[in-house]
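Trainee: The structure is given below, and queries will be raised subsequently.
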Amino acid sequence: MASPQELLVKLYQNIGKVIVGKHDQILLTIATLLCHGHLLIEDAPGLGKTMLARALVRSLDLRFSRVQCTPDLLPSDITGVSLFNQKTAEFEFRRGPVFTNILLADEVNRATPRTQSSLLECMAESQVTVDGQTYPMAPVFMVIATQNPVEYQGTYPLPEAQLDRFFMRLSLGYPKLEEEIGIMQMQADHHPIDDLQAVLGEADLRALQDRVKEIHIDDSVRRYIAQLVQATRSHADLALGASPRGSLALMKAAQAMALMAGKDFVEPQTVKKVAVSVLAHRLIPKSRAQVAGRDGEAVMRAILNEVPVPVLGA
């Protein structure tokens with residue numbers, strides 16, 4: 001049987017056949033999957049947000065659904081709806097696309113706040129309640145949402161409660177010169193995603209998810225995570241700091257990254273590496289900080305420079 005590292009390397013390399021030059025983003029995407037988390041990918045149009053999600057999905061032997069978010073999308077279009085069956089004279093629940101393993105909510109911030117909120121329960125509690133009846137989700141369930149920056153036309157900002165449900169937020173950015181040339185060469189005849197095959201099944205994935213929980217995390221590293229989160233709650237530039245959900249997510253993300261690196265314990269530097277992606281989107285800057293251009297990511301980087309890093313074994 002293949003080792004966890006062998007399985008993860010195969011998954012990483014498979015996604016890398018489509019996504020060029022985005023090493024950290026691929027690793028963080030896989031880490032989110034390993035931690036039962038949900039991923040928000042925010043960037044300008046055309047930079048590969050949806051393609052990253054599709055490459056991950058094609059690499060996994062799992063069920064997949066996709067919702068194209070538009071202003072006229074209704075909550076029932078995502079969760080499902082109860083329809084009256086004239087033969088049985090009873091209402092029957094017709095499941096929506098959310099009943100899957102991986103749901104791609106493309107351009108999620110083009111949906112209205114009411115529709116966005118329909119994802120809250122399933123993301124936090126792995127269940128959906130419709131007409132007073134609760135329906136459980138699949139054991140493996142992940143939402144990958146893409147969105148354009150909020151200053152783009154036709155977008156609705158995600159509410160704080162929704163942002164807090166996302167395990168990580170990523171940005172791909174523009175490719176470098178050689179990377180862009182490579183992209184053009186790869187797609188000269190056909191798109192490489194058409195040749196992508198699944199390399200990981202549900203049983204393997206669930207075993208890897210269980211393995212993440214076994215990664216040791218020292219008390220000093222756990223305290224370091226708590227100090228980082230506590231610092232967000234007292235920072236002068238922030239109106240709202242990270243919740244305990246943020247500290248739990250940071251701990252799990254560090255464990256997943258350690259597993260992918262072939263280690264059985266978490267190093268403080270691993271926590272620093274994932275802290276911005278895990279915590280920045282959960283922070284709400286004050287108005288004066290926003291005017292000065294200090295967003296959640298900038299504040300989080302400043303906090304990382306201020307909080308002392310522990311030394312293991314000291």
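Trainee: Any residue at all in the stretch 48-69 that is without any contact (Cβ under 8 Å) to a residue 12 or more places away in the chain and out of contact with any helix residue (DSSP H, G or I) (no Cβ under 7 Å at 6 or more places or on another chain)?
Mentor: Among the residues of the stretch 48-69, not one is without any contact (Cβ under 8 Å) to a residue 12 or more places away in the chain and out of contact with any helix residue (DSSP H, G or I) (no Cβ under 7 Å at 6 or more places or on another chain), which makes the answer no.
Trainee: Kindly establish whether Ala289 is within 21 Å of Glu42 (Cβ to Cβ), part of a helix (DSSP H, G or I) and modelled with pLDDT under 90.
Mentor: Values: within 21 Å of Glu42 (Cβ to Cβ): yes; part of a helix (DSSP H, G or I): yes; modelled with pLDDT under 90: yes.
Yes; evaluated as a whole, the condition is true for this residue.
Trainee: Here's something else I'd like to know. Within the stretch 92-102, how many residues are in contact (Cβ under 8 Å) with a residue 40 or more places away in the chain and crowded, with 18+ Cβ neighbours inside 10 Å?
Mentor: Residues in the stretch 92-102 being in contact (Cβ under 8 Å) with a residue 40 or more places away in the chain and crowded, with 18+ Cβ neighbours inside 10 Å: 3 in total.
Trainee: Which one is surrounded by the most Cβ atoms within 10 Å (Cβ to Cβ), of the residues in the stretch 254-265 that are in contact with a strand residue (DSSP E or B) (Cβ under 7 Å, 6 or more places away or on another chain) and hydrophobic (A, V, I, L, M, F, W, C)?
Mentor: Here the residue is Ala258.
Trainee: Name every residue in the stretch 215-236 that is more than 20 Å from Pro308 (Cα to Cα) and of a type outside the set (A, V, I, L, M, F, W, C), in order of residue number.
Mentor: Going through the stretch 215-236, the residues more than 20 Å from Pro308 (Cα to Cα) turn out to be 215-216.
Correct list: His216 only.
Trainee: Quickly run through the stretch 19-34 and pick out the residues that are surrounded by fewer than 20 Cβ atoms within 10 Å (Cβ to Cβ) and small (Gly, Ala, Ser).
Mentor: Of everything in the stretch 19-34, just one residue is surrounded by fewer than 20 Cβ atoms within 10 Å (Cβ to Cβ) and small (Gly, Ala, Ser), namely Gly21.
Trainee: OK, next. Exactly one condition in (1) over 23 Å from Leu27 (Cα atoms); (2) in contact with a Phe, Trp or Tyr (Cβ under 6 Å, 6 or more places away or on another chain) is false for His235; which is it?
Mentor: (2)
Trainee: I'm told Asp204 meets every condition in (1) among the acidic types (Asp, Glu); (2) surrounded by 15 or more Cβ atoms within 10 Å (Cβ to Cβ); (3) more than 20 Å from Ile102 (Cα to Cα) except one. Can you identify the failing condition by its number?
Mentor: Result: Asp204 fails condition (3) only.
Trainee: Which residue is surrounded by the fewest Cβ atoms within 10 Å (Cβ to Cβ), if the candidates are limited to the stretch 233-252 and must be modelled with pLDDT under 95 and of a type in the set (S, T, N, Q)?
Mentor: Top of the filtered list is Ser234.
Trainee: Only one residue in Ala105, Ala89, Ala111, Ala145 is exposed (fewer than 12 other Cβ atoms within 10 Å of the Cβ), aliphatic (A, V, I, L, M) and either modelled with pLDDT of 90 or more or more than 16 Å from Asp43 (Cβ to Cβ) (or both), so which one is that?
Mentor: Criteria check complete, one pass: Ala89.
Trainee: Pairs please, first residue from the stretch 7-34 and closer than 18 Å to His191 by Cα, second anywhere and hydroxyl-bearing (Ser, Thr, Tyr), Cβ atoms under 8 Å, 6+ apart in sequence or on different chains.
Mentor: As it stands, the answer is Asn14/Ser59; Ile15/Thr29; Ile15/Ser59, since those pairs meet every condition given.
Trainee: Would you list the strands (runs of 3 or more DSSP E) that sit entirely within the stretch 1-99 and hold 3 or more residues that are touching a Lys or Arg at 6+ places or on another chain (Cβ under 7 Å) and within 26 Å of Ala249 (Cβ to Cβ)?
Mentor: 39-42
Trainee: I've got another one for you. Looking at the stretch 92-134, which of its residues are small (Gly, Ala, Ser) and over 19 Å from Leu163 (Cα atoms)?
Mentor: Gly96, Gly132
Trainee: Using beta carbons and a limit of 9 Å, which pairs, at least six apart or on different chains, have the first residue in the stretch 180-201 and more than 13 Å from Lys17 (Cβ to Cβ) and the second one at pLDDT 90 or above and loosely packed, with under 14 Cβ neighbours inside 10 Å?
Mentor: Listed by first residue and then by second, the contacts come to Glu180/Tyr174.
Trainee: Of all residues in the stretch 172-192 being touching a Lys or Arg at 6+ places or on another chain (Cβ under 9 Å) and not in a helix (DSSP H, G or I), which is surrounded by the fewest Cβ atoms within 10 Å (Cβ to Cβ)?
Mentor: Selected residue: Gly173.
Trainee: I've got another one for you. One residue is enough: does the stretch 102-109 have a residue meeting the conditions outside any loop (DSSP other than H, G, I, E, B), over 19 Å from Met137 (Cβ atoms) and touching a helix residue (DSSP H, G or I) at 6+ places or on another chain (Cβ under 8 Å)?
Mentor: Restricting attention to the stretch 102-109, the residues satisfying the condition of being outside any loop (DSSP other than H, G, I, E, B) are 102-106, 108-109.
Remaining after also requiring over 19 Å from Met137 (Cβ atoms): 106, 109.
Now narrow it down to the ones that are touching a helix residue (DSSP H, G or I) at 6+ places or on another chain (Cβ under 8 Å): 106, 109.
Looking through the stretch 102-109, at least one residue is outside any loop (DSSP other than H, G, I, E, B), over 19 Å from Met137 (Cβ atoms) and touching a helix residue (DSSP H, G or I) at 6+ places or on another chain (Cβ under 8 Å).
Trainee: Pull up the stretch 116-140, narrow it to residues that are in contact with a Phe, Trp or Tyr (Cβ under 9 Å, 6 or more places away or on another chain) and of a type outside the set (A, V, I, L, M, F, W, C), then point me to the one that is surrounded by the most Cβ atoms within 10 Å (Cβ to Cβ).
Mentor: Gln116
Trainee: Out of Tyr174, Tyr135, I need the residue that is of a type in the set (Ser, Thr, Tyr), out of contact with any Pro (no Cβ under 9 Å at 6 or more places or on another chain) and in contact (Cβ under 8 Å) with a residue 60 or more places away in the chain. Which one?
Mentor: Tyr174
The values are calculated or read from the model by the stated rules, or taken from the named source; none is laboratory data. Just so it is clear, the structure is predicted and the values come from calculations on it, not from any experiment. Here the Cβ is made from the backbone with ideal geometry for all residues, glycine too, and neighbour counts use every protein chain on show.
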